[in-house]
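These notes concern the structure reproduced below.
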Amino acid sequence: MTTPLDSFQQDWKAFEQAHVWHPYAAMPAVIPPFAISSASGVRLKLEDGRELIDGMSSWWAAIHGYNQPVLNAAIQSQLGQMSHVMFGGLTHRPAAELAALLVQLTPAPLDQVFFADSGSVAVEVAIKMALQYWHAKGHTNKERLLTVRGGYHGDTFGAMAVCDPVTGMHHIFSHALPKHYFAPAPHCPLSGEWDDAYIAEFRALLQAHHHQIAAVILEPIVQGAGGMRFYGPEYLQQVRTLCDEYGVLLIFDEIATGFGRTGRLFAADHTGISPDIMCVGKALTGGYMTLAATLTSREISAQISQNGNPFMHGPTFMANPLACAVAIASIKLLLESPWHSRVAEIETQFRQGLEGCRGLPGVRDVRTLGAIGVIEFDNPLDMGWIQPLLVEKGIWLRPFGRLLYAMPPFIISDKELNKIITVMAEVTHLISHNHE
Ligand SMILES: *Cc1c(COP(=O)(O)O)cnc(C)c1O
C-alpha cells in the first residue's frame, strides 16, 4: 500500500498538486504552480534552475527583496532569545520597539498599537474597534460601515463584507455577510480640478445613514487587489470632513500602500489628514513573516476601555517576537535607504516604459504611481497562456482579471526593471494583436 508520504517521496510536485490548495484557485489548480527552490535579491529560482525577476514583491511585501542579510540576521538573533511567547499577560522589547517605530511614523493621533497576525485580522480588529467605540458611547445602533466599490480588505467574513461586492464574489455568501453601505468607486483623478460630483453619492449615503454607520473604511490613494485604481487625495480630505461632520470614524487600510509603495511612507501622507484607525501589514516585515497592526488614537482606546472594559480580540500569535524583530529591522533598513528617490525613479521608469502601450487596441488604461505600474485591458486576461509566457521570458508577474501589473522590490536595478517593463509591453502587444 502506498502511503501519502510514499507518494510524496515518489513525486512531491504531483503530491502537492493533488493535496495542497493555493490562493484563489480550484483544487486541483487549473494552472499548476511553479516550484521555487530559493529566492535572493529580486530573483526567484525555479526548481529546474531557471531564474525569474520578481515583479510582485510577493504581493506588496518583499520591498527589500529576498534573503536580505540584515533581515536574516535580525531573525537569527531573535531566535536565540525566543521565537514566541503568549502576549496575554506577557510582553517583550521587540513589541515595544516596533510599536515605537509605528507610532513615530504614522499620522499624529495614532499611538495605540494592536498587533495582529495577518492583514485580514487587522481589518477585523479595526472594524471591531469602531463598533466597540460607539457601543461604549451608548450608540448601540452604529453597527454598519460605509465604503466604496472596488475595494479589497481581506478574505475573512468581516473584511470580505467591505470588499467590492462583485469582485469579492459576495453573491455566494450574501446571506452570511453583514450588510454595509457602498458608494461608487472614487473616480477623482490623482491630480487636477476637484469636482463636487466626485463625492456626491458618498455624501448622500452618509447623510441618510450616519445614525447606523460606525466607520468609513477605505484604502487611501490606491485601491489594490480590487482593481489597482488610483484616486486623488482631495477625495480623502472631503471624506475626513464629512466623517467629522456626521460623527463617523475613518479607517485607512494601508496594508498594501504602507512603507513607501506609493512614493510616500504611507498613502495618508499624500493627504495631510489622519484617520482614526489605520491598518498596516504586508511590507511591515519586509515580506519575511506574517504580521499586521491596527493603530488608533488614545481617545478611541480610552473610550473602548472605560471602566477597565477589555477590547475583545487576542490572536494566539499576537506580537510574535520573530515577526516583530524582522519588522523593526525592515523598517530601519527602509528608513536608512534612499527609498524615496528610488521609488520616484521606479515610477519614472514605469511611466516612460509603459506609455507606449497606451491606446493600443484592447488596452483601456495605463497608470503608474510610486513603485506600481499597471496596464488595464478591456477584457479579462487569459492566464492559460500569459502566465507560462511570462515565466518563459524570465519574469514573475501574476496578472488578475483585466490587469497586467508590477510592484517590484525597491532594490530592483534599472536593468531588471527594464526587463519587466519590456516583457509587459511585449505581452500587451500580443494581447492587443489577438484583440484585433
Ligand atoms: C492584502 C490586503 C489585506 C489582507 O491581508 P492578508 O494578510 O492577506 O490577510 C487587507 N487589505 C488590503 C488593502 C490588502 O492589500
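The values are calculated or read from the model by the stated rules, or taken from the named source; none is laboratory data. Computed from a predicted structure; not experimentally measured. Backbone-built Cβ (ideal geometry, glycine too); neighbour counts: all protein chains shown.
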**OP:** Looking only at region 140-149, count how many residues are surrounded by fewer than 21 Cβ atoms within 10 Å (Cβ to Cβ) and assigned to a loop (DSSP other than H, G, I, E, B).
**Re:** 4
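For every residue, the table says whether it meets (1) surrounded by fewer than 20 Cβ atoms within 10 Å (Cβ to Cβ); (2) closer than 20 Å to G150 by Cα; (3) among the aliphatic types (A, V, I, L, M); (4) out of contact with any strand residue (DSSP E or B) (no Cβ under 6 Å at 6 or more places or on another chain).
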site: R203; (1), (2), (3), (4): yes, yes, no, yes
site: Q207; (1), (2), (3), (4): yes, no, no, yes
site: Y246; (1), (2), (3), (4): yes, no, no, yes
site: I251; (1), (2), (3), (4): no, yes, yes, no
Subject >> Complete set of residues in region 150-204 that are part of a helix (DSSP H, G or I), more than 14 Å from the ligand (Cβ to nearest atom) and modelled with pLDDT of 95 or more >> reply: A197, Y198, I199, A200, E201, F202, R203, A204
**OP:** Could you name every one of the strands (runs of 3 or more DSSP E) located completely within region 29-123 that has at least 3 residues being within 16 Å of the ligand (Cβ to nearest atom)?
**Re:** 110-116
Original post:
If you go through region 126-139 one residue at a time, do you hit one that is part of a loop (DSSP other than H, G, I, E, B), assigned by TED's automatic domain parsing to the domain that holds V280 and within 16 Å of the ligand (Cβ to nearest atom)?
Top reply: no
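For region 268-288, indicate whether the set of residues that are farther than 16 Å from L102 by Cβ and within 12 Å of the ligand (Cβ to nearest atom) is non-empty.
The answer is yes; a qualifying residue exists.
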**OP:** State whether one or more residues within region 264-276 are part of a strand (DSSP E or B) and of a type in the set (V, I, T).
**Re:** no
